[in-house]
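**Student:** Just passing along the structure, written as C-alpha cells.
The values are calculated or read from the model by the stated rules, or taken from the named source; none is laboratory data. Fair warning: this is a prediction, and the values are worked out from it, not measured in the lab. A quick note on method: Cβ atoms are made from the backbone with ideal geometry, for glycine too, and the neighbour counts reach across all protein chains shown. Side chains are part of the model used for accessible areas, which takes the heavy atoms of the whole protein and leaves out ligands, DNA and RNA. Shrake-Rupley method; radii C 1.70, N 1.55, O 1.52, S 1.80 Å.
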Amino acid sequence: PSPESVAFAQTTSDLMLNELKAALFQEFNETTRENTEHGKQAISLIFNDANRDMRLIGNFAPLQGGYNDLPADSFERRALNSAMRGENITSVERTDGRWYYRSSLALSNTFHTACVLCHTNFTPQFFQQTNNPGQWVGALTLRVPIKNEN
C-alpha cells in the first residue's frame, strides 16, 4: 500500500481509539457495585470474538469475554507481549488478501479506578506475585483496512 493509504488508515485508527476510550470511560463511569454484572456483559458484547477490528486481549483469569479475550493471531500475541511491558505497537499486515493497519494500546489496572469492580483478582498481592509493578493486564487492539488505490 502507498504511504498515503497507510496514513489514512492510521488516522482512522487514531479516531477509532479515541472513540473506544470514550466508550470505555463512559462504561466505567456508569458501572457501580450494584450493576457490575451488567457492565461485564456490556463490555463483553462490544468486544466480542466475532469483531476482529477492535478487541480486548489478555491472559489473566477471569477473562471478561471467556476465551474471547485471548490473542487470536501473531499480531495479537506480539501486542500482548509488548503490553505486558507497557509498550504499544503498530504494524501494516496483509491478512486473507487484504492490507490492514494494526495497533495496540497497553492497558494497566491503573487505567481507571472502576477496573477493580469487574477484575476483583487484580489486587496489589496479585501484581507482586506476577512481578508486575506497572500492573499491566492486556491490550486494546485495533485493525483498520487499508483502502485500495484503484
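**Student:** Can you compute the FRET efficiency between T110 and N29 using 1/(1 + (r/R0)^6), with r the Cβ-Cβ distance and R0 = 22 Å? Round to the nearest 0.05.
**Tutor:** With a Förster radius of 22 Å, E is 0.85.
**Student:** Mind jotting down the three principal axis lengths of the stretch 1-132 based on Cα atoms? Whole angstrom, largest first.
**Tutor:** So the extents along the principal axes, rounded to whole Å, are 49, 31, 22.
**Student:** So which DSSP H runs in the chain come out at 20 Å plus along the axis (Cα) with average Kyte-Doolittle of at least -0.5?
**Tutor:** 3-30
**Student:** Across every pair of different alpha-carbon atoms, what Kirkwood hydrodynamic radius in Å does the stretch 72-117 reach? Could the numbers behind the result be given before it?
**Tutor:** Details: mean 1/r = 0.0838 Å⁻¹.
After inverting the pairwise mean of 1/r, the radius is 11.9 Å.
**Student:** Using a 7 Å offset from the Cα along the Cα-to-Cβ direction at both N131 and D53, what is the distance between the two label points in nm, to one decimal?
**Tutor:** 4.1
**Student:** Protein chains only, probe 1.4 Å: how do V144, V6 rank by accessible area, largest first? Please list the in-between numbers first.
**Tutor:** Working: V144 10, V6 30 Å².
From most exposed to least exposed: V6, V144.
**Student:** Filter the trypsin sites (Lys or Arg not before Pro) in the stretch 12-44 down to the DSSP loop ones having no more than 14 other Cβ atoms within 10 Å, then list what survives.
**Tutor:** Details: sites: K21, R33, K40; in loops: R33.
Qualifying residues, ordered by number: R33.
**Student:** May I pose another question? I'd like the FRET efficiency for R78 and T120, computed as 1/(1 + (r/R0)^6) with the beta carbon distance as r and R0 of 30 Å, rounded to 0.05. Could you put the intermediate results ahead of the total?
**Tutor:** Values: r = 29 Å, r/R0 = 0.96.
The computed FRET efficiency comes out at 0.55.
**Student:** Right, next: GluC sites (Glu not before Pro) within the stretch 18-99: which are DSSP loop residues with at most 16 other Cβ atoms inside 10 Å? Please list the in-between numbers first.
**Tutor:** Values: sites: E19, E27, E30, E34, E37, E76, E87, E93; in loops: E34, E87.
Taking the stretch 18-99 and a limit of 16 other Cβ atoms within 10 Å, the loop GluC sites (Glu not before Pro) found are E34, E87.
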